[in-house]
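Trainee: Questions regarding the structure given below will be posed in turn.
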Amino acid sequence: HPMAKWETKQWPPENFSRLISALAGRKVSVVVTGSPRDAEPVEGILSRVEDPAGVLNLAGKTSLKELAGIFALADLVLTPDTGPMHLAAAVGAPLIALFGPTAPWRTGPYGGRNLVIRKDLACGPCFKKKCPTRECMNSLTVEEVLKTALEKLGVGS
């Protein structure tokens, strides 16, 4: 679930494209979710995926109840700090949450199957919805997120 309402919570779209490409290249099935307003940005992310075979785009195509069902069946949910992150945690999905301007110890995700990736920067957590650098999210590398995802999935790197 690549999208978040706050621009400062968004991981760069090109990073999601690279991550999806790397996962799909390892024959990991990828389902991308999002709200109806996320459909266009998700299309942009997926347009840069090297081999879209094995990638299913459900952005804007599910109800909240259906999204919960998809998350409950998932081997892994990867999302920034957003409402669907909390939904994934609530249904007990294995979860990797990408955090930038907010504090996971304050806002969650809560539960035992959750892993948070964040950088400990002097400027954060700032809780700002606007930032000229977005260093907190930009500094999360595709390589570290991919490594963590593959470990959580039990897939060789």
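The values are calculated or read from the model by the stated rules, or taken from the named source; none is laboratory data. All figures in this text were calculated on a predicted structure; none of them were measured in a lab. Positions of Cβ are generated from backbone atoms using ideal geometry, with glycine treated the same way; all protein chains shown enter the neighbour counts. To get the accessible areas, we keep the full protein, side chains included, count just its heavy atoms, and leave off ligands, DNA and RNA. Shrake-Rupley method; radii C 1.70, N 1.55, O 1.52, S 1.80 Å.
Trainee: Could you check how many residues of the range 3-23 are within 16 Å of ASN138 (Cβ to Cβ), free of Cβ contacts under 8 Å to residues at least 40 places away in the same chain and either open to solvent by less than 30 Å² (accessible area, probe 1.4 Å) or of a type in the set (D, E, K, R) (or both)?
Mentor: Residues in the range 3-23 being within 16 Å of ASN138 (Cβ to Cβ), free of Cβ contacts under 8 Å to residues at least 40 places away in the same chain and either open to solvent by less than 30 Å² (accessible area, probe 1.4 Å) or of a type in the set (D, E, K, R) (or both): 3 in total.
Trainee: Let me ask something else about it. Regarding the range 74-81, can at least one residue be identified that is outside any loop (DSSP other than H, G, I, E, B) and free of Cβ contacts under 8 Å to residues at least 12 places away in the same chain?
Mentor: No - not one qualifying residue is present in the range 74-81.
Trainee: I've got another one for you. What number of residues within the range 79-97 are among the charged types (D, E, K, R) and open to solvent by 30 Å² or more (accessible area, probe 1.4 Å)?
Mentor: 0
Trainee: Still on this structure, I have one more. So, VAL28, is that one in contact with a strand residue (DSSP E or B) (Cβ under 7 Å, 6 or more places away or on another chain) and surrounded by 14 or more Cβ atoms within 10 Å (Cβ to Cβ) or not?
Mentor: No: the conditions fail for VAL28.
Trainee: Looking at (1) modelled with pLDDT under 95; (2) within 20 Å of VAL30 (Cα to Cα); (3) part of a helix (DSSP H, G or I); (4) not charged (D, E, K, R), find the lone condition where SER157 falls short.
Mentor: Looking at each condition in turn, SER157 falls short on (3).
Trainee: Is it true that ALA22 is part of a helix (DSSP H, G or I) and either more than 25 Å from CYS131 (Cα to Cα) or not small (Gly, Ala, Ser) (or both)?
Mentor: Considered against the rule, which asks whether it is part of a helix (DSSP H, G or I) and either more than 25 Å from CYS131 (Cα to Cα) or not small (Gly, Ala, Ser) (or both), ALA22 comes out as yes.
Trainee: Return the only residue of LEU19, LEU87, LEU64 being under 14 Å from ALA149 (Cα atoms) and modelled with pLDDT of 95 or more.
Mentor: Unique residue meeting the criteria: LEU19.
Trainee: Something else: Report yes if some residue within the range 34-42 is in a loop (DSSP other than H, G, I, E, B) and acidic (Asp, Glu); otherwise report no.
Mentor: No, the range 34-42 contains no residue that is in a loop (DSSP other than H, G, I, E, B) and acidic (Asp, Glu).
Trainee: Now for a separate question. Quick check on the range 32-78: of everything there that is of a type in the set (Lys, Arg) and within 15 Å of MET3 (Cβ to Cβ), which residue is least open to solvent (accessible area, probe 1.4 Å)?
Mentor: LYS61
Trainee: Please specify each residue of the range 98-140 satisfying the condition of being open to solvent by 50 Å² or more (accessible area, probe 1.4 Å), touching a residue at least 24 places away in the same chain (Cβ under 8 Å) and closer than 19 Å to ASN15 by Cβ.
Mentor: LEU115, ARG134, ASN138
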